[in-house]
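The values are calculated or read from the model by the stated rules, or taken from the named source; none is laboratory data. If you're wondering where the values come from, they're calculated on a predicted model, not measured in any experiment. As a convention, Cβ positions derive from the backbone with ideal geometry for all residues, glycine included, and neighbour counts pool all protein chains shown.
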Amino acid sequence: MRTHYCGELRGIHTKETVTLFGWVDRQRDHGGVIFIDLRDRTGTIQIVSDPQRTPDSYTVAESIRNEYVIKVTGKVSQRPDESLNPKITTGEIEVYAEQIELLNAVHKQLPFVVSSADAELVREDVRLKYRYLDLRRESMSQNLQLRHQVVKAMRRFLEDEENFIEVETPILTRSTPEGARDYLVPSRVNPGEWYALPQSPQLFKQLLMVSGMDRYYQIARCFRDEDLRADRQPEFTQLDMEMSFMSLDEILNLNESLVCHIFKTVKNIDLPRPFPRLTYADSMMKYGCDRPDTRFGLELVDVSDVVKDSGFKVFSETVKNGGKVKILPITNGNDAISNVRIKPGGDLFNEATAAGAKGIAYIRVRENYELDTIGAIKDNLTSEQKQEILNRTGAKPGHLLLFGAGDQDTVNKSLCRLRLVIGELMGLIDSEKINLLWITDFPMFEWNPEEKRLEALHHPFTAPNPEDINDLANARALAYDMVFNGLEIGGGSLRIYQREIQEKVFATIGLTPEEADSKFGFLLEAFEYGTPPHGGIAYGLDRLVMLLAKEESIRDVIAFPKTQQARCLLTDAPSSVDTKQLKELNVASTYKPKS
């Protein structure tokens, strides 16, 4: 049978007889000699069928077409100098086909040509419907192999170097609706009761720490019934980890070693250590978000205290009402960004208003530090206020200062969005640069205006900073996120491991003792049987591989993804089911299709 994969062959195999299997990438007839590019998941090799030299293969070679499945037996030969192809790893050799066996033909017109460079331009819905063809493309095949290499590197590091054990946790579990919506599964043998598919193995991995499995990991399948984006799927994969008897610093250091090992193993990239650490408060102040892209500057500057008594009412009234005034200073912004882009209808104006801002105020710093702006601002700032704005922002002639004024969340969101857009616009972002950092000291809770209560920013099992234990509502969490070029790839925390603290946290988010016991009684009880201090982290595997592969969507690194409407176009799932199946589950649908 097979002796080699196509992409494995090199000059050292010259004169060897090999047997290869694969798909016809393309077939070319050059003056009676037929050339076939044979493809498998490792690459392509050129097959030669010459009626003089390999007559037994020639008749079959004439008849084959793109994507036919064939078996080739032949001798490896050096290519003539004029035929060398340095663009592929097998470009110095070819195989003279002594025998070609057609294993299967293509019986329908291909929906797209797999080997064409234009296959990347095929509509995504077509590629997803014929995903088995899409995965034959070199880029997609390489993405899946990269994913495999990442997982292999994770397993080897955790097991061989750090003494972790892999434990599988249940897929059918109970609903704990404290995060996104659960996917629910009716129970046939327990009528009227439901399982939920896990949003994460959070509670089970904490229970494993109670069990003494002090270093656990799992390549875990997770499910969330939420609105989708380019980097989200209803089912996704994460590297899930939990560790006992380790400090926060020890956990962060171990995870830096893990990520450095992954980059070195799969990309041969040496990452600098230690990774920078930035508190949540500093990240929001400087970048307006908790997952900053630090490959470029453009840091925000808070000038609320400078303008709180200014005559410009937009600024002074904002501060008086508890809001913020911040500036995005842009070096050489005068040359790069016109007023048209800032004023209503301009692209930057539209970006800011899409994030909730009412508009953009601006100052241009001209020669001799003269400030060029609308009269309402220029005439209502004192000389001292103008000078302090220049001092804080470090602005010099040529600078453009963009202002955000309003409630803190809106100001941060709008200026963060402008920062990223302008970074791209001005070519400030180096696509080859890799910046990894930790964000720490998150708030424990955030206010949910719809439900009028506090809810956990991460999840309610995160430990509060001991310094804040007497003011839980305003406490900092012992939580940490790893950010890669502006995207969160992992997040975790030290966990609560004492029943009384866990009960206080449940009470803070509005759970009565009865509700807490109903939902999490098993966990609270476990805390009474000698629970060790512990913490953990989970990495979004799909997102990490997407970034390593330099793709724009996680769908391009998942074998069989769903669309943004949570549909599988290949299998046409979700679909209706037989009424008999519903009756067995004691379930009925109330959905009525629109007429």
Inside region 1-43, the number of residues satisfying the requirement of being assigned to a strand (DSSP E or B) and in contact with a helix residue (DSSP H, G or I) (Cβ under 6 Å, 6 or more places away or on another chain) is 6
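Going by the conditions given, is Met209 outside any loop (DSSP other than H, G, I, E, B), outside the structural domain of Ile496 (by the TED database), buried (at least 20 other Cβ atoms within 10 Å of the Cβ) and touching a residue at least 40 places away in the same chain (Cβ under 8 Å)? Even if it seems obvious, please write down each step before you answer.
Values: outside any loop (DSSP other than H, G, I, E, B): yes; outside the structural domain of Ile496 (by the TED database): no; buried (at least 20 other Cβ atoms within 10 Å of the Cβ): yes; touching a residue at least 40 places away in the same chain (Cβ under 8 Å): yes.
So Met209 fails the test.
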Among the residues in region 140-158, are any surrounded by fewer than 18 Cβ atoms within 10 Å (Cβ to Cβ), touching an Asp or Glu at 6+ places or on another chain (Cβ under 7 Å) and at pLDDT 95 or above? no
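One line per residue, one yes/no per condition, for (1) over 21 Å from Thr279 (Cα atoms); (2) of a type in the set (Ser, Thr, Tyr); (3) touching a residue at least 40 places away in the same chain (Cβ under 8 Å); (4) out of contact with any strand residue (DSSP E or B) (no Cβ under 8 Å at 6 or more places or on another chain):
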{"site": "Arg419", "(1), (2), (3), (4)": "no, no, yes, no"}
{"site": "Leu428", "(1), (2), (3), (4)": "yes, no, yes, yes"}
{"site": "Phe445", "(1), (2), (3), (4)": "no, no, yes, no"}
{"site": "Glu455", "(1), (2), (3), (4)": "no, no, yes, no"}
{"site": "Asn465", "(1), (2), (3), (4)": "no, no, no, no"}
{"site": "Asp471", "(1), (2), (3), (4)": "no, no, no, yes"}
{"site": "Val483", "(1), (2), (3), (4)": "no, no, yes, no"}
{"site": "Glu488", "(1), (2), (3), (4)": "no, no, yes, no"}
Could you grab the pairs with beta carbons closer than 9 Å, sequence gap of 6+ or different chains, first residue in region 333-361 and in contact (Cβ under 8 Å) with a residue 40 or more places away in the chain and within 19 Å of Phe315 (Cβ to Cβ), second one of a type in the set (Phe, Trp, Tyr) and outside any helix (DSSP H, G or I)? Ile342/Tyr362; Ile360/Phe403; Ala361/Phe312; Ala361/Phe403
Checking Gln202, Gln99 in turn, the sole residue that is within 30 Å of Asp227 (Cα to Cα), touching a residue at least 40 places away in the same chain (Cβ under 8 Å) and either in the same structural domain as Ser63 (by the TED database) or under 25 Å from the mean Cα position of the chain (by Cα) (or both) turns out to be Gln202
Answer with yes or no whether Val185 is without any contact (Cβ under 8 Å) to a residue 24 or more places away in the chain and assigned to a loop (DSSP other than H, G, I, E, B). no
Flag if Ala507 is surrounded by fewer than 16 Cβ atoms within 10 Å (Cβ to Cβ), in the same structural domain as Pro201 (by the TED database), without any contact (Cβ under 8 Å) to a residue 12 or more places away in the chain and farther than 23 Å from Ser247 by Cα: yes
Flag if Arg26 is among the charged types (D, E, K, R) and under 38 Å from the mean Cα position of the chain (by Cα): yes
Suppose we filter Glu98, Glu67 for residues that are assigned to a strand (DSSP E or B), among the acidic types (Asp, Glu) and surrounded by 15 or more Cβ atoms within 10 Å (Cβ to Cβ); which single one remains? Glu98
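Please go through region 572-594 and pick out each residue that is among the acidic types (Asp, Glu) and either in the same structural domain as Ser187 (by the TED database) or part of a loop (DSSP other than H, G, I, E, B) (or both).
Asp572, Asp578
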Out of everything in region 276-309 that is surrounded by 19 or more Cβ atoms within 10 Å (Cβ to Cβ) and of a type in the set (Gly, Ala, Ser), what residue ends up being nearest to Asp249 (Cα to Cα)? Ser283
Tyr480 fails exactly one of (1) within 28 Å of the chain's Cα centre (by Cα); (2) outside any strand (DSSP E or B); (3) of a type in the set (Phe, Trp, Tyr), namely (2)
Residue among Leu472, Leu415, Leu457 that alone is more than 25 Å from Phe263 (Cβ to Cβ) and assigned by the TED database to the domain that holds Ala352: Leu415
Checking the condition touching a residue at least 40 places away in the same chain (Cβ under 8 Å), over 28 Å from Gly297 (Cα atoms) and assigned to a loop (DSSP other than H, G, I, E, B), which residue from Gly530, Gly535 passes? Gly530
